[in-house]
Amino acid sequence: MQNDGTGRILVQNLSKTFGPVTAVQNLSFTVEPGSVTGFLGPNGAGKTTALRMLLGLVTPTAGVATISGRPYHQLGNPARVVGAVLENEGFHPRRTALNHLRVYAAAIGVPDQRAGEVLGLVGLSAAAQRRPGDFSLGMRQRLALATALLGNPQVLVLDEPANGLDPEGILWLRNFLRAYAREGRTVLVSSHLLSEVEQTIDQVVIISHGVTRYFGSLEQLRGSQQSRVLVQAADPNALVKALQEAGHQQVEPTQDGRVAVLGVTRQEIGDLVAKSGLAVYGMEEDRADLEKLFFQLTNGAYTGAPMPAQPPQQGGGWGPPPGAGPASPYQQQQPYQQQQPYQQQQPYQVPPGYQQPGQQQGWGGHR
């Protein structure tokens, strides 16, 4: 195999067993340069094992994983091709952040000045002379990323990089990774939370029990589910009747008094209410919740035991009744009932002492 210099990651029929345990089974996907790809699955789904095989730390039982057309161990000086973070605990307790990076820089053959450069890239220049043992979890994540960037690699492979970052730190990471991909580089990011990376990634690989459940773009995943339109009507019952007479039978009430109509567009409903002379105060298109789709695809891997049986309690309970089927992206509603008149809500009040994001300085880590 020859290093083609593209930075493309190719995983083909990758499998790994540890004795009787199958950690990864027939996993296949491609990560193209210029994109950020999310590698998602519940804890224990096989993500870290797959990344370790990609990085030459675990030998596959079957299949192959290549970067720029070659297995990791054939890349020559791999740190100049791939920057990887699988954990953020490999720091000497008495060595400063700057000296930690200088040691790694010497090991991969880059000048000492690169250590200061990458500290600036991750926003830790002011902490250069501090010891990582005194860092917050978020700061250690940034230092681990700085270590991966020392060789100015074409490819970044990051395992749970947002762990420990506060919202401002997550926004910084999102912008950094997208800018890195826009330079034509390849970024692969693992997470067990789709919501954590949804605004960062271009495509997603979802695995569960070591098996690929979905591989494609987020838009394709959204498009696989039916959207709905939420309508705030002056007379919900009249709207439901008009919809049903027009052939729209998938109509449900919502808890806030609106009418949810599945499988139609806002334009179609707008034409219908105009023709019927009905008063409508607002319409909103609502897509299926990606997080719920993620839970469906991963099939509830490693869920806890059910709660002990409880006597029925007035006013509802924790979840669906025994024997209920899997949840859909939209919760099953009861047949449409007359709703109470809409209650005017109080205007939103800004909490005392609130500051706009970005007014506070910091590294974005929790202590």
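With respect to I269, is the statement that it is buried (at least 19 other Cβ atoms within 10 Å of the Cβ), closer than 30 Å to S28 by Cα and touching a residue at least 40 places away in the same chain (Cβ under 8 Å) true? Taking the combined requirement at face value, the residue does not satisfy it. Residue count for segment 30-52, restricted to those that are over 22 Å from K292 (Cα atoms) and open to solvent by 10 Å² or more (accessible area, probe 1.4 Å): 8. If the condition is being farther than 22 Å from M53 by Cα and in contact with a strand residue (DSSP E or B) (Cβ under 7 Å, 6 or more places away or on another chain), then segment 167-200 contributes G169, L173, L177, R178, Y180, A181, L194, V197, T200.
Number of residues in segment 112-155 that are part of a loop (DSSP other than H, G, I, E, B), out of contact with any strand residue (DSSP E or B) (no Cβ under 8 Å at 6 or more places or on another chain) and either under 18 Å from G83 (Cβ atoms) or open to solvent by 20 Å² or more (accessible area, probe 1.4 Å) (or both): the value is 8.
The condition of being open to solvent by 10 Å² or more (accessible area, probe 1.4 Å), within 17 Å of the chain's Cα centre (by Cα) and acidic (D, E) holds for only one of E183, E196, E252, that being E196.
Would a scan of segment 60-80 turn up a residue that is buried (at least 18 other Cβ atoms within 10 Å of the Cβ), under 26 Å from the mean Cα position of the chain (by Cα), within 21 Å of F39 (Cα to Cα) and among the β-branched types (V, I, T)? Yes, that holds for at least one residue. Picking from residues in segment 212-234 that are surrounded by 17 or more Cβ atoms within 10 Å (Cβ to Cβ), of a type in the set (S, T, N, Q) and at pLDDT 80 or above, the one that is farthest from T200 (Cα to Cα) is Q232.
Taking the condition of being part of a helix (DSSP H, G or I) and aromatic (F, W, Y), how many residues in segment 51-93 meet it? Steps first, please.
Step one: filter segment 51-93 for residues part of a helix (DSSP H, G or I), giving 51-54, 72-74, 78-80.
Narrowing the set further to residues that are aromatic (F, W, Y) leaves 72.
Selection size over segment 51-93: 1.
Against the list (1) under 30 Å from S217 (Cβ atoms); (2) in contact with a strand residue (DSSP E or B) (Cβ under 7 Å, 6 or more places away or on another chain); (3) open to solvent by less than 50 Å² (accessible area, probe 1.4 Å), the condition E291 fails is (2). Do you know which residues across segment 235-255 are under 15 Å from A274 (Cα atoms) and either in contact with a Phe, Trp or Tyr (Cβ under 7 Å, 6 or more places away or on another chain) or at pLDDT below 85 (or both)? Once the filter is applied, which keeps residues that are under 15 Å from A274 (Cα atoms) and either in contact with a Phe, Trp or Tyr (Cβ under 7 Å, 6 or more places away or on another chain) or at pLDDT below 85 (or both), segment 235-255 yields only V240.
The values are calculated or read from the model by the stated rules, or taken from the named source; none is laboratory data. Because the structure is predicted, anything quoted here is derived from the model rather than measured. Backbone-built Cβ (ideal geometry, glycine too); neighbour counts: all protein chains shown. The area values use the complete protein model at the heavy-atom level, side chains included, leaving out ligands, DNA and RNA. Shrake-Rupley method; radii C 1.70, N 1.55, O 1.52, S 1.80 Å.
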